[in-house]
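Asks: My structure is below; once you've seen it, I'll send some questions.
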Amino acid sequence: MNPLLEEQYKRLGISKEVLDFGAAVEESLKERFAGIDACAEYNQMKVVAAMQKNRVSAECFQTATGYGYNDLGRDVLERVYADCFCAEDALVRPQITCGTHALALALLSNLRPGDELLSPVGKPYDTLEEVIGIRPSKGSLAEYGITYAQADLLPDGSFDYESIAKAINERTKLATIQRSKGYAPRKTLSVERIGELIRFLKKQKPDIICMVDNCYGEFVETREPLEAGADLIVGSLIKNPGGGLAPIGGYLAGKKEYVENAAYRLTSPGLGKEVGASLGVIGSFYQGLFLAPTVVSGALKGAVFAANIYERLGFSVIPDSTESRHDIVQAVTFGSREAMTAFCEGIQAAAPVDSHVTPEPWAMPGYDCDVIMAAGAFVQGSSIELSADGPVKPPYTVYFQGGLTWYHAKLGILSSLQKLYERNLVKIDKV
Ligand SMILES: *Cc1c(COP(=O)(O)O)cnc(C)c1O
């Protein structure tokens, strides 16, 4: 290795042993990385084409205030999103505060009292338990008389078609399909598998609304779920599509009717998409979307690198070192609180912001146990930036994601390994 580069890593606390181990792993990943680059190139062209088609111009970046009638930047951006994701319409707003809010909006606006929501892919993301009312909460779907049914995946991760068919009834209105694994130890769904599931659901009940929780999935593949038959996709702008630049926001994209329902819920009946000023953030939404394909590719390389490093060291990793990728999340199971904490401390120590603080487990709203989070991000809580988190309970699985550039993601992983190495929690001489 270039001695000057080695010196830089040393300055950041990375030892020669850890660096060499990382270099050997990286060397073995050339082909994987070329595949990730090819996908990013395709998606970059897709984004540029959508911007050109909709005549994005300097006026689009102007600040709108107050009611936001005729907010050109907002309206054009929603058409750009719609084209990127092959949707009839989209709602992309800073007034959508986070991913959970975007999902709650989609559900509360498209379901009515007496309807039933179905998850055909097992337990949904933790924060949705309160939205649905699995864990009681004010304003949940349950409080409005909307019931919930769930069909778990089979032990091998495949869809339990028999249970799904049994769960569907005359009240089943909407199926929520979570693409990413979230905090569950299952596999992330590829767009192709989501398509298979949707075909089955529509065969059972042609008018069922198929919604995909697209968080962490955007731009990981060349196709998105709407191209595989979904009616609505939902996500957060402080994850993939915000490209690290969006300081807040969420989106919905899909069939016009379902997006419109959500708009009337977000603002007010009678107002819908017509109000909601984009304030001063709209420029960052455009620029973030423009950068998103390459940002996602950096994060993906980081995830693949992490899987290969930690699998070689004997830890269980999901996805494994060779599997194809359908989101940017990498789960590593450490089996002990010490190793889990060391990993998170290493990620934190590699951050450009708050590298001097030590992450501590805490009781986060929406979760049922302590959560540890390592994040030194420019945008608070942004998980397209280098971050790691996980519920502090056996089997002590950490979910690692993000990195605005591949080099930074790489530093994060090396820094995590350094902490484990220094505390004698791993042996790295067995390359
Ligand atoms: C992050 C995430 C959410 C919730 O998003 P927040 O922005 O944290 O509220 C929902 N589903 C999945 C799969 C996620 O990854």
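Asks: Hey, can you tell me all the residues within segment 60-117 that are more than 27 Å from the chain's Cα centre (by Cα), aliphatic (A, V, I, L, M) and either under 14 Å from Tyr258 (Cα atoms) or not in a helix (DSSP H, G or I) (or both)?
Replies: Once the filter is applied, which keeps residues that are more than 27 Å from the chain's Cα centre (by Cα), aliphatic (A, V, I, L, M) and either under 14 Å from Tyr258 (Cα atoms) or not in a helix (DSSP H, G or I) (or both), segment 60-117 yields only Ala64.
Asks: So how many residues does segment 296-337 have that are among the small types (Gly, Ala, Ser) and within 16 Å of the ligand (Cβ to nearest atom)?
Replies: Residues meeting the conditions: 3.
Asks: Exactly one condition in (1) free of Cβ contacts under 8 Å to residues at least 60 places away in the same chain; (2) in a helix (DSSP H, G or I) is not met by Ser321; state its number.
Replies: (2)
Asks: Which one of Gly133, Gly114, Gly139 is farther than 22 Å from Gly229 by Cα, in contact with a helix residue (DSSP H, G or I) (Cβ under 7 Å, 6 or more places away or on another chain) and either within 16 Å of the ligand (Cβ to nearest atom) or among the small types (Gly, Ala, Ser) (or both)?
Replies: From the options Gly133, Gly114, Gly139, the qualifying one is Gly133.
Asks: Okay, next question. Restricting attention to segment 192-211, which residues are aliphatic (A, V, I, L, M) and either part of a helix (DSSP H, G or I) or over 16 Å from Ala149 (Cα atoms) (or both)?
Replies: Ile194, Leu197, Ile198, Leu201
Asks: Let me ask something else about it. Can you say whether Leu128 is surrounded by 17 or more Cβ atoms within 10 Å (Cβ to Cβ) and more than 15 Å from the ligand (Cβ to nearest atom), as far as the supplied structure shows?
Replies: Spelling it out, it is not the case that Leu128 is surrounded by 17 or more Cβ atoms within 10 Å (Cβ to Cβ) and more than 15 Å from the ligand (Cβ to nearest atom).
Asks: Could you please find all residues in segment 381-429 being of a type in the set (A, V, I, L, M, F, W, C) and within 16 Å of the ligand (Cβ to nearest atom)?
Replies: Result: Ile384, Leu386, Ala388, Val398, Phe400.
Asks: From the list Glu31, Glu88, which residue is within 26 Å of Glu221 (Cα to Cα), surrounded by fewer than 19 Cβ atoms within 10 Å (Cβ to Cβ) and in the same structural domain as Gly381 (by TED's automatic domain parsing)?
Replies: Of Glu31, Glu88, the one residue that is within 26 Å of Glu221 (Cα to Cα), surrounded by fewer than 19 Cβ atoms within 10 Å (Cβ to Cβ) and in the same structural domain as Gly381 (by TED's automatic domain parsing) is Glu31.
Asks: Given the conditions (1) touching a Pro at 6+ places or on another chain (Cβ under 9 Å); (2) part of a loop (DSSP other than H, G, I, E, B); (3) of a type in the set (D, E, K, R), which single one is not true for Arg223?
Replies: (1)
Asks: Could you list, in sequence order, the residues of segment 294-318 that are in a helix (DSSP H, G or I) and either of a type in the set (Val, Ile, Thr) or in the same structural domain as Glu218 (by TED's automatic domain parsing) (or both)?
Replies: Matches in segment 294-318: Thr294, Val295, Val296, Val304, Ile309.
Asks: Could you give me the residue pairs with C-beta distances under 8 Å whose first residue belongs to segment 168-190 and is closer than 16 Å to Leu103 by Cβ, whose second residue is of a type in the set (Phe, Trp, Tyr) and surrounded by 23 or more Cβ atoms within 10 Å (Cβ to Cβ) wherever it lies, and which are 6+ apart or on separate chains?
Replies: Short answer, once both residue conditions are applied: Arg179/Tyr216; Ser180/Tyr216.
Asks: Right, something else. So which of Ala351, Ala375 is closer than 30 Å to Gln287 by Cβ, touching an Asp or Glu at 6+ places or on another chain (Cβ under 9 Å), outside the structural domain of Ile248 (by TED's automatic domain parsing) and more than 16 Å from the ligand (Cβ to nearest atom)?
Replies: Ala351 is the lone residue from the list that is closer than 30 Å to Gln287 by Cβ, touching an Asp or Glu at 6+ places or on another chain (Cβ under 9 Å), outside the structural domain of Ile248 (by TED's automatic domain parsing) and more than 16 Å from the ligand (Cβ to nearest atom).
Asks: Please work out if Gly68 is more than 17 Å from Arg179 (Cβ to Cβ), more than 16 Å from the ligand (Cβ to nearest atom) and crowded, with 23+ Cβ neighbours inside 10 Å.
Replies: When the stated conditions are applied, Gly68 does not pass them.
The values are calculated or read from the model by the stated rules, or taken from the named source; none is laboratory data. Keep in mind it's a predicted model, so treat the numbers as computed, not measured. Every residue, glycine as well, gets a Cβ built from its backbone with ideal geometry; the counts of neighbours run over all protein chains shown.
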